[in-house]
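Worksheet: one structure, shown below.
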Amino acid sequence: MRSTPITKPSDVNRKWYVVDASGHTLGRLSSEIAKILRGKNKPIFSTFIDTGDNVIVINASKIKVTGKKLSNKIYTRNSGWIGGIKQITLRESLKKKPTFALEHAVKGMLPKNTLGDHMFKKLHVYAGAEHTHAAQQPEPLTITY
């Protein structure tokens, strides 16, 4: 009788990829990055094991959005105090911290548990074209959607 092979954490070989975000749409790029972080592009994918790879995103400040999202998309947070709601638009967010929008979008596409936290730690986003992970010998990855 044959049994279904179960992936073990020791079976996972992690790679490093570099993605250039300039000219890409925020949501479409985020979903492709989330697939790679989760490991859904591998044949050994398991829902309960982190089988994903590390992703470095450069030029996050040059990301595009469609429609009126620059002025209408609002990120909300609350300090916990009365009247402590803070709101910021996507345009203001891209000026203050250009990496936040991409990180927020990818984090929302990962599982909402400790496994998702481990997957999110493998994402490294940089606003410019330089990154500090040359020692890991990352491979360039072209995203097509």
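The values are calculated or read from the model by the stated rules, or taken from the named source; none is laboratory data. No experiment lies behind these values; they were computed from the predicted model shown. Using ideal geometry, Cβ is built from the backbone for each residue, glycine included, and neighbour counts are taken over all protein chains shown.
Taken over the range 51-75, the criterion of being among the charged types (D, E, K, R) and surrounded by fewer than 20 Cβ atoms within 10 Å (Cβ to Cβ) is satisfied by K62, K64, K68, K69, K73.
What are the pairs, 6+ residues apart or on separate chains, where a residue within the range 55-66 that is more than 19 Å from P140 (Cα to Cα) has its Cβ under 9 Å from a residue that is part of a strand (DSSP E or B) and at pLDDT 95 or above? Close Cβ pairs (under 9 Å, with a partner that is part of a strand (DSSP E or B) and at pLDDT 95 or above) amount to K64/T25; V65/T25; T66/T25.
Tallying residues that are surrounded by 11 or more Cβ atoms within 10 Å (Cβ to Cβ) and among the acidic types (D, E) within the range 106-142 yields 1. Filtered by the rule that a residue be over 22 Å from P9 (Cβ atoms) and touching a residue at least 12 places away in the same chain (Cβ under 8 Å), the range 110-132 gives V125, Y126, A127, G128, A129, E130, H131.
From the list D53, D117, the one residue that fits, being touching a Lys or Arg at 6+ places or on another chain (Cβ under 8 Å), at pLDDT 95 or above and not basic (K, R), is D53. All of (1) in a loop (DSSP other than H, G, I, E, B); (2) within 30 Å of N59 (Cα to Cα); (3) among the β-branched types (V, I, T) hold for T47 with one exception: (2).
Within the range 88-145, the residues that satisfy the criterion of being β-branched (V, I, T) and either part of a loop (DSSP other than H, G, I, E, B) or over 20 Å from K68 (Cα atoms) (or both) are T99, V106, T114, V125, T132, T142, I143, T144. Restricting attention to the range 88-104, the residues that are hydrophobic (A, V, I, L, M, F, W, C), closer than 30 Å to T47 by Cβ and surrounded by fewer than 18 Cβ atoms within 10 Å (Cβ to Cβ) add up to 1.
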